[in-house]
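Worksheet for the structure shown next.
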Amino acid sequence: VQLQASGGGLVQAGGSLRLSCAASGGTFTRYNMGWFRQASGKEREFVGGEGWSGGSIDYADSVKGRFTISRDNAKNTVYLQMNSLEPEDTAVYYCAAVSRAYPGRWYNREYDYWGQGAQVTVSS
(Lines give C-alpha, C1' and ligand atoms only; values in the text may rest on other atoms or scores of the structure.)
Protein backbone atom coordinates (compact mmCIF):
# COMPACT_ATOMS: atom_id res chain seq x y z
CA VAL A 1 0.00 0.00 0.00
CA GLN A 2 1.20 3.51 -0.81
CA LEU A 3 0.41 6.46 1.44
CA GLN A 4 0.26 10.16 0.55
CA ALA A 5 -0.10 12.74 3.30
CA SER A 6 -1.34 16.28 2.75
CA GLY A 7 -2.69 19.26 4.65
CA GLY A 8 0.34 20.48 6.54
CA GLY A 9 1.21 24.13 6.91
CA LEU A 10 1.89 27.04 9.22
CA VAL A 11 -0.58 27.93 11.95
CA GLN A 12 -0.54 30.09 15.05
CA ALA A 13 -0.64 28.57 18.51
CA GLY A 14 -4.20 27.70 19.47
CA GLY A 15 -5.18 27.10 15.87
CA SER A 16 -6.23 23.97 14.01
CA LEU A 17 -5.13 21.90 11.04
CA ARG A 18 -6.38 18.72 9.47
CA LEU A 19 -4.01 16.26 7.85
CA SER A 20 -5.20 13.73 5.30
CA CYS A 21 -3.54 10.53 4.19
CA ALA A 22 -4.76 8.85 1.02
CA ALA A 23 -3.98 5.17 0.54
CA SER A 24 -3.63 3.38 -2.77
CA GLY A 25 -2.42 0.07 -4.10
CA GLY A 26 -4.15 -2.06 -1.52
CA THR A 27 -7.47 -2.81 0.10
CA PHE A 28 -7.75 -0.03 2.68
CA THR A 29 -9.79 -2.03 5.17
CA ARG A 30 -7.01 -4.60 5.38
CA TYR A 31 -4.91 -2.06 7.27
CA ASN A 32 -4.83 -0.50 10.67
CA MET A 33 -3.64 3.09 10.36
CA GLY A 34 -1.61 5.51 12.43
CA TRP A 35 0.10 8.87 12.62
CA PHE A 36 3.58 9.64 13.86
CA ARG A 37 5.63 12.81 14.04
CA GLN A 38 9.26 13.77 14.15
CA ALA A 39 10.48 17.12 15.36
CA SER A 40 13.86 18.44 14.30
CA GLY A 41 16.61 16.75 16.27
CA LYS A 42 14.23 14.33 17.97
CA GLU A 43 13.18 10.75 17.48
CA ARG A 44 9.97 9.88 15.71
CA GLU A 45 7.07 9.49 18.12
CA PHE A 46 3.63 7.93 17.97
CA VAL A 47 0.67 10.31 17.75
CA GLY A 48 -2.40 8.15 17.24
CA GLY A 49 -3.79 5.05 15.59
CA GLU A 50 -7.11 3.71 14.41
CA GLY A 51 -8.16 0.15 13.70
CA TRP A 52 -9.41 -0.95 10.31
CA SER A 53 -13.08 -0.69 11.27
CA GLY A 54 -12.75 2.51 13.27
CA GLY A 55 -13.69 0.70 16.45
CA SER A 56 -10.30 0.95 18.15
CA ILE A 57 -8.45 4.22 18.61
CA ASP A 58 -5.21 4.89 20.46
CA TYR A 59 -3.58 8.26 21.25
CA ALA A 60 -0.35 9.43 22.74
CA ASP A 61 -0.87 11.16 26.06
CA SER A 62 0.59 14.37 24.66
CA VAL A 63 -2.26 14.82 22.18
CA LYS A 64 -5.25 13.33 23.98
CA GLY A 65 -8.16 15.73 24.00
CA ARG A 66 -6.63 17.89 21.25
CA PHE A 67 -6.13 15.56 18.29
CA THR A 68 -8.69 13.26 16.68
CA ILE A 69 -7.94 10.50 14.24
CA SER A 70 -10.63 9.20 11.90
CA ARG A 71 -10.89 7.26 8.68
CA ASP A 72 -13.24 7.14 5.71
CA ASN A 73 -13.00 3.66 4.25
CA ALA A 74 -15.06 4.66 1.23
CA LYS A 75 -12.41 7.26 0.35
CA ASN A 76 -9.38 5.18 1.40
CA THR A 77 -8.33 8.07 3.61
CA VAL A 78 -7.32 8.57 7.23
CA TYR A 79 -7.42 11.98 8.87
CA LEU A 80 -5.76 13.69 11.79
CA GLN A 81 -7.69 16.68 13.13
CA MET A 82 -5.38 18.79 15.28
CA ASN A 83 -6.88 21.43 17.56
CA SER A 84 -5.39 23.72 20.19
CA LEU A 85 -2.03 23.42 18.51
CA GLU A 86 1.08 24.29 20.47
CA PRO A 87 4.59 25.20 19.27
CA GLU A 88 5.69 21.82 20.67
CA ASP A 89 3.51 20.16 18.01
CA THR A 90 5.81 21.46 15.28
CA ALA A 91 7.11 18.43 13.39
CA VAL A 92 6.94 16.44 10.20
CA TYR A 93 3.86 14.23 10.46
CA TYR A 94 3.80 10.79 8.88
CA CYS A 95 0.90 8.47 8.24
CA ALA A 96 1.55 4.77 8.51
CA ALA A 97 -0.17 1.44 7.98
CA VAL A 98 0.12 -2.10 9.24
CA SER A 99 -1.82 -5.14 8.09
CA ARG A 100 -4.74 -6.03 10.33
CA ALA A 101 -3.46 -9.62 10.06
CA TYR A 102 -0.93 -8.57 12.72
CA PRO A 103 -3.01 -6.95 15.47
CA GLY A 104 -0.12 -7.26 17.93
CA ARG A 105 1.99 -4.96 15.83
CA TRP A 106 -0.73 -2.31 15.79
CA TYR A 107 -1.23 -2.54 19.57
CA ASN A 108 2.55 -2.24 19.97
CA ARG A 109 2.55 0.78 17.63
CA GLU A 110 4.70 -0.99 15.08
CA TYR A 111 3.96 -0.11 11.46
CA ASP A 112 5.26 -1.36 8.13
CA TYR A 113 4.21 1.20 5.51
CA TRP A 114 4.93 4.91 5.60
CA GLY A 115 3.89 8.05 3.77
CA GLN A 116 6.27 10.83 2.79
CA GLY A 117 5.47 13.26 5.62
CA ALA A 118 3.76 16.62 5.96
CA GLN A 119 5.34 19.59 7.71
CA VAL A 120 3.33 21.22 10.48
CA THR A 121 4.70 24.41 11.98
CA VAL A 122 3.04 26.10 14.94
CA SER A 123 4.16 29.65 15.69
CA SER A 124 3.95 31.16 19.17
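If I ask for residues that are more than 24 Å from LYS75 (Cβ to Cβ), among the aliphatic types (A, V, I, L, M) and either at pLDDT below 95 or part of a loop (DSSP other than H, G, I, E, B) (or both), which ones from segment 1-55 would you list?
ALA13, ALA39
Any residue that is crowded, with 22+ Cβ neighbours inside 10 Å, among the β-branched types (Val, Ile, Thr) and under 17 Å from CYS21 (Cα atoms) - is there at least one of those in segment 39-47?
Taking every residue of segment 39-47 in turn, at least one turns out to be crowded, with 22+ Cβ neighbours inside 10 Å, among the β-branched types (Val, Ile, Thr) and under 17 Å from CYS21 (Cα atoms).
The values are calculated or read from the model by the stated rules, or taken from the named source; none is laboratory data. Keep in mind that what you see is a predicted model, and the values were worked out from it rather than measured. Note that each Cβ is placed from the backbone with ideal geometry, even for glycine, and that neighbours are counted across all protein chains shown.
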